[in-house]
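Working notes, structure below.
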Amino acid sequence: MIKVLFVCLGNICRSPMAQFVFQQMVEEQGLADEFIIDSAATEKYNEMCHAGIHHGTKKILIDKKIPFTEHYSRCIRPEDYVRYDYILAMDDANVTDIQTIVGFDTEGRIFRLLDFTDSPRNIRDPWYTGNFDETYQDIVEGCKRFLEYLDV
Ligand code: 4NP
């Protein structure tokens, strides 16, 4: 079983989008039983508000016919570092914030999602840019390359 946790700042825009895009990819390849996939935030604000998936992310998932269930923001916890094999951040700031919460990455589990692509880079935050399409393109590219990297 491969356990994957996608992480962003708020866990309402990018990381739930990545969670459901990747879930659909593994299902299409008949690999769903091989994976546990979830997402989390690096800040507690949206968890305290019991915030669900941002409407911009929901619209993309609906438009692209990607199945999703409601997901409520939760902040990553130190025990997630033990539980998950891959902790996939959206940007550099997420990586720094994750390490502040879980400690130093002794097992080499923390990556940026786009580190698995030919052009490693951050995924810009649509909360600020308003551009959910750009985020979706980046997430699809990252998830595809990550699945190829796993070679399951
Ligand atoms: P996300 O975007 O990290 O992609 O979920 C954000 C969502 C909410 C906030 C910031 C970023 N916020 O400040 O509440």
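The values are calculated or read from the model by the stated rules, or taken from the named source; none is laboratory data. This is a predicted model, so every value here is computed, not measured. Glycine also receives a Cβ, built like all others from the backbone with ideal geometry; neighbour counts cover every protein chain displayed. Protein only, heavy atoms only, side chains kept; ligands, DNA and RNA dropped before computing areas. Shrake-Rupley method; radii C 1.70, N 1.55, O 1.52, S 1.80 Å.
Projecting the Cα positions of 94, 32, 67 onto the charge dipole of the stretch 2-150 (unit charges on Cβ atoms of Lys, Arg, Asp and Glu, taken about the Cα centre) puts 67 furthest along the positive direction.
Taking amide hydrogens as placed 1.01 Å from N in the peptide plane, the amide H of residue 89 sits under 5 Å from those of 7, 111, 112, 113, each at least 5 positions away in sequence or on another chain.
Net charge in the neighbourhood of residue 124 (other residues with Cβ under 14 Å of its Cβ; Lys, Arg +1, Asp, Glu -1) is -4.
By accessible area, using a 1.4 Å probe on protein heavy atoms only, the stretch 1-47 has 43% of its surface on carbon and sulfur. A probe of 1.4 angstrom, applied to the heavy atoms of all protein chains, finds residue 72 with accessible area near 100 square angstrom. Across the stretch 44-83, Cα-Cα distances exceeding 14 Å account for 58% of all pairs.
Within the shell of other residues whose beta carbon sits under 13 angstrom from the beta carbon of residue 59, the net charge comes to +1, with Lys and Arg scored +1 and Asp and Glu -1.
With distances taken between every two different alpha-carbon atoms, the stretch 2-150 has a Kirkwood hydrodynamic radius of 15.0 Å. Remark: the chain carries 50 Å² of accessible area per residue (probe radius 1.4 Å; ligands, DNA and RNA excluded). With a cut-off of 13 Å between beta carbons, the residues surrounding residue 139 carry a summed charge of +1, where Lys and Arg count +1 and Asp and Glu -1. Derived scalar couplings between HN and Hα for the stretch 117-127 equal 9, 6, 10, x, 6, 7, 9, 5, 8, x, 4 Hz in order, rounded to whole Hz, by the Karplus curve 6.51 cos²θ - 1.76 cosθ + 1.60 (θ = phi - 60°), x for Gly and Pro. Contact order normalised by length for the chain, with contacts defined as Cα pairs under 8 Å and 6 or more residues apart; what percent is it? It comes to 27 percent, rounded to a whole number. Residues considered: 94, 11, 122. Largest GNM mean-square fluctuation over the chain, using C-alpha springs under 10 Å, is found at 122.
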